[in-house]
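**Student:** Before I ask anything, let me first share the structure, which is written out below as structure tokens.
A short reminder: the numbers here are calculations on the coordinates, not readings from a lab. Keep in mind that this is a model prediction, so the values were computed, not measured. FYI the Cβ positions are ideal-geometry reconstructions off the backbone, even for glycines, and counts take in every protein chain you see.
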Amino acid sequence: KTVSLIGAPTDIGAGARGASMGPEALRVANIGPILESHGLTVLDRGNLSGPANPWQPPVEGYRHLPEVVTWNRLVHEAVYAELSQGHLPILLGGDHCLGLGSISAVARHCRDVGKKLRVLWLDAHADFNTSALTPSGNVHGMPVACLCGHGPQELIEIGGKVPAISPKWVRQIGIRSVDPGEKRFVHEQGLEVFDMRYIDEMGMRQAMELALATLDANTHLHVSFDVDFLDPDIAPGVGTTVPGGPTYREAQLCMEMIADTGRMASLDVVELNPALDVRNKTAMVAVDLIESLFGKSTLMRR
Ligand code: DIR
Ligand code: MN
Ligand code: MN
Ligand code: MN
């Protein structure tokens, strides 16, 4: 199996600067060699090059919309090209607005080849804001809504078809911060959310069993891993920490259960912010969890 690393060094959609350094921090944490040690062929495609962050206030509910569109077009084309070659793309973000470019490319690929798509959204946040609902104007809080067709025209039509995905294809895990208007919209659109209350009561195992139910041999599983999914104790290097996230063990189980399906065919690793990290430990825990996503396990299992 061949995986392609695509660096997207930008914080264009975030509320804090520094996620632009994410790709390099993941490389410093040895993401490439570690994946190779699991028998994968790794192609590091280097970094995309896009507009600088002008660090301006929101305009009509969006910060940096033209630059966000440019970055997402670049990501879309890069991810689509890798999928077309039969490679498994790993997007190294960058902030989570880039999930729009990445997942719209995955959806387009699935239409090409007649596959079903399932999106696992591992995050502290639902990322389901619109310009009318957002408290910040930061587009990293909007990619799921945009993918489902709720967003500015130039952003939602990047993958051609609008909407790129249906809310029915999404499973969110680890959610613990949803803005008031966003909360209503999540319910209205029927997103399936396994929030921290659910994980507290039922456990990560039950959450993942349900989130991964009904995958079949024709399903393309996309994992969008916002590093702020993790508890800030183990992952301080993100722009928007939210207390009460999955522990190291819960996160490992989550990743191992995804690996067990054998269906993961694309991955985003986003929101890592080395400027806020401690000796690169968040990058290292992210790479450790990515190893589990690709099948690292303590013993062989039957
Ligand atoms: C907040 C924070 N919901 C917003 N969002 C995210 O600004 O829309 N932080 N995604 O990482
Ligand atoms: Mn996110
Ligand atoms: Mn988040
Ligand atoms: Mn495929």
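**Student:** Search the stretch 84-93 for residues being hydrophobic (A, V, I, L, M, F, W, C) and crowded, with 22+ Cβ neighbours inside 10 Å, and hand back the single one that is farthest from ligand 4 (Cβ to nearest atom).
**Tutor:** Leu92
**Student:** Could you please find all residues in the stretch 196-213 being surrounded by fewer than 17 Cβ atoms within 10 Å (Cβ to Cβ) and either charged (D, E, K, R) or in contact (Cβ under 8 Å) with a residue 12 or more places away in the chain (or both)?
**Tutor:** Listed by number, the residues that qualify are Arg197, Asp200, Glu201, Arg205, Glu209, Leu210.
**Student:** Now a separate question. Evaluate the stretch 160-168: report whether one residue or more is closer than 23 Å to Pro232 by Cβ, within 20 Å of the chain's Cα centre (by Cα) and either of a type in the set (A, V, I, L, M, F, W, C) or assigned to a helix (DSSP H, G or I) (or both).
**Tutor:** Checked the stretch 160-168: no residue is closer than 23 Å to Pro232 by Cβ, within 20 Å of the chain's Cα centre (by Cα) and either of a type in the set (A, V, I, L, M, F, W, C) or assigned to a helix (DSSP H, G or I) (or both).
**Student:** Of all the residues that make up the stretch 136-154, how many are within 8 Å of ligand 1 (Cβ to nearest atom) and under 14 Å from the mean Cα position of the chain (by Cα)?
**Tutor:** 3
**Student:** Out of (1) within 16 Å of ligand 3 (Cβ to nearest atom); (2) in contact with a Lys or Arg (Cβ under 7 Å, 6 or more places away or on another chain), the odd one out for Cys146 is which?
**Tutor:** All conditions are met except number (2).
**Student:** From the list Met264, Met255, exactly one residue is under 21 Å from Leu91 (Cβ atoms), without any contact (Cβ under 8 Å) to a residue 40 or more places away in the chain and either in contact with a helix residue (DSSP H, G or I) (Cβ under 7 Å, 6 or more places away or on another chain) or of a type in the set (Lys, Arg) (or both). Which is it?
**Tutor:** The unique qualifying residue is Met255.
**Student:** Here is a list of conditions, (1) under 18 Å from Ala16 (Cβ atoms); (2) of a type in the set (S, T, N, Q); (3) within 16 Å of ligand 3 (Cβ to nearest atom), and Ser224 meets all of them except one; can you say which number that is?
**Tutor:** Going through the list (1) under 18 Å from Ala16 (Cβ atoms); (2) of a type in the set (S, T, N, Q); (3) within 16 Å of ligand 3 (Cβ to nearest atom), Ser224 breaks only (1).
**Student:** Report whether or not His38 is touching a residue at least 60 places away in the same chain (Cβ under 8 Å), in a loop (DSSP other than H, G, I, E, B) and out of contact with any Pro (no Cβ under 6 Å at 6 or more places or on another chain).
**Tutor:** In short, yes.
**Student:** Okay, next question. What number of residues in the stretch 11-29 are surrounded by 23 or more Cβ atoms within 10 Å (Cβ to Cβ) and of a type in the set (Asp, Glu)?
**Tutor:** Adding up the residues that qualify gives 1.
**Student:** Do the conditions hold for Ala107, that is, is it within 16 Å of ligand 4 (Cβ to nearest atom) and in contact (Cβ under 8 Å) with a residue 12 or more places away in the chain?
**Tutor:** Yes.
**Student:** I would also like to ask the following. Do we have Met257 as surrounded by 16 or more Cβ atoms within 10 Å (Cβ to Cβ) and closer than 16 Å to Ala124 by Cα here?
**Tutor:** So Met257 does not fit the description; no.
**Student:** Separate question: Determine, yes or no, whether Asp228 is charged (D, E, K, R), part of a helix (DSSP H, G or I), closer than 24 Å to Arg176 by Cβ and in contact with a His (Cβ under 9 Å, 6 or more places away or on another chain).
**Tutor:** Yes; evaluated as a whole, the condition is true for this residue.
**Student:** Starting from the stretch 175-191, take each residue that is surrounded by 12 or more Cβ atoms within 10 Å (Cβ to Cβ) and list its partners that are of a type in the set (Phe, Trp, Tyr) and not in a helix (DSSP H, G or I), counting only C-beta distances under 8 angstrom and pairs at least six apart or across chains.
**Tutor:** Taking only residues 6 or more apart or on different chains, the pairs are Ile175/Phe194; Val178/Phe128; Glu182/Phe128; Phe185/Phe128; Val186/Phe128; Gln189/Phe128; Leu191/Phe128.
**Student:** Looking at the stretch 270-290, which of the residues that are in a loop (DSSP other than H, G, I, E, B) and closer than 13 Å to Thr240 by Cα is nearest to the chain's Cα centre (by Cα)?
**Tutor:** Selected residue: Glu271.
**Student:** Could you count how many residues in the stretch 110-143 are away from ligand 4 (no atom under 16 Å from the Cβ) and closer than 20 Å to Glu157 by Cα?
**Tutor:** Selection size over the stretch 110-143: 13.
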